[in-house]
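The values are calculated or read from the model by the stated rules, or taken from the named source; none is laboratory data. As the structure is a prediction and not an experimental result, all values here were calculated from the model. Quick reminder, even Gly has a Cβ in these numbers, built from the backbone with ideal geometry, and neighbours come from all protein chains shown. Calculation scope for accessible area: heavy atoms of the full protein, side chains included, ligands and nucleic acids excluded. Shrake-Rupley method; radii C 1.70, N 1.55, O 1.52, S 1.80 Å.
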Amino acid sequence: QVSLVESGGGLVQAGGSLRLSCAASGSIFSINAMGWYRQAPGKQRDLVATITSGGRIVYADSVKGRFTISRDNAKNTVYLQMNSLKPEDTGVYSCNAQAVTMSRPYEYSYWGQGTQVTVSS
């Protein structure tokens, strides 16, 4: 099993910044992609950004130029630096890892519990 522990959410005014972190732990053999997804109230969960172990990055159009995803492979940790935050960025941000473990020796999608980000206008 893989445990994903997120931190860094909170309340911020529009134009402000937050940095999210997500650390993966467990009997991990390898992690391919790690990323962040966002679920706004009453909406489905959508991709924010993902990064592969090789550094290939995908951003949602709505966050390009404002958010930066990065990763420390040695620590199995992914970060999301969020600048110029807007009220529409409000939601629960969940960490995802596509990992292979000793007990599940194939790529499987693991999720964190989520951290709330609220941007006030």
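Within the range 27-47, identify whether any single residue is free of Cβ contacts under 8 Å to residues at least 40 places away in the same chain and closer than 18 Å to Arg71 by Cβ, and answer yes or no. Yes.
Scanning the range 58-69 for residues that are more than 15 Å from Met82 (Cβ to Cβ) and open to solvent by 60 Å² or more (accessible area, probe 1.4 Å) yields one hit, Asp61.
Being more than 12 Å from the chain's Cα centre (by Cα), among the small types (Gly, Ala, Ser) and more than 18 Å from Gln116 (Cβ to Cβ) narrows it down to one of Ser70, Ser53, Ser17, so name that one. Step by step, each of Ser70, Ser53, Ser17 is checked, and only Ser53 is more than 12 Å from the chain's Cα centre (by Cα), among the small types (Gly, Ala, Ser) and more than 18 Å from Gln116 (Cβ to Cβ). Do we find that Pro41 is surrounded by fewer than 14 Cβ atoms within 10 Å (Cβ to Cβ), at pLDDT below 95 and in contact with a strand residue (DSSP E or B) (Cβ under 9 Å, 6 or more places away or on another chain) in this structure? So Pro41 passes the test. In the range 87-114, the residue that is nearest to the chain's Cα centre (by Cα) out of those that are surrounded by 14 or more Cβ atoms within 10 Å (Cβ to Cβ) and within 20 Å of Gly15 (Cβ to Cβ) is Tyr93. In the set Arg66, Arg56, Arg71, only one residue is at pLDDT 95 or above, closer than 23 Å to Glu88 by Cβ and in contact with a Ser or Thr (Cβ under 9 Å, 6 or more places away or on another chain); that residue is Arg66. Looking across the range 11-62, the residues that are under 15 Å from Val78 (Cβ atoms) and in a loop (DSSP other than H, G, I, E, B) come down to Thr52, Ser53, Gly54, Gly55, Arg56.
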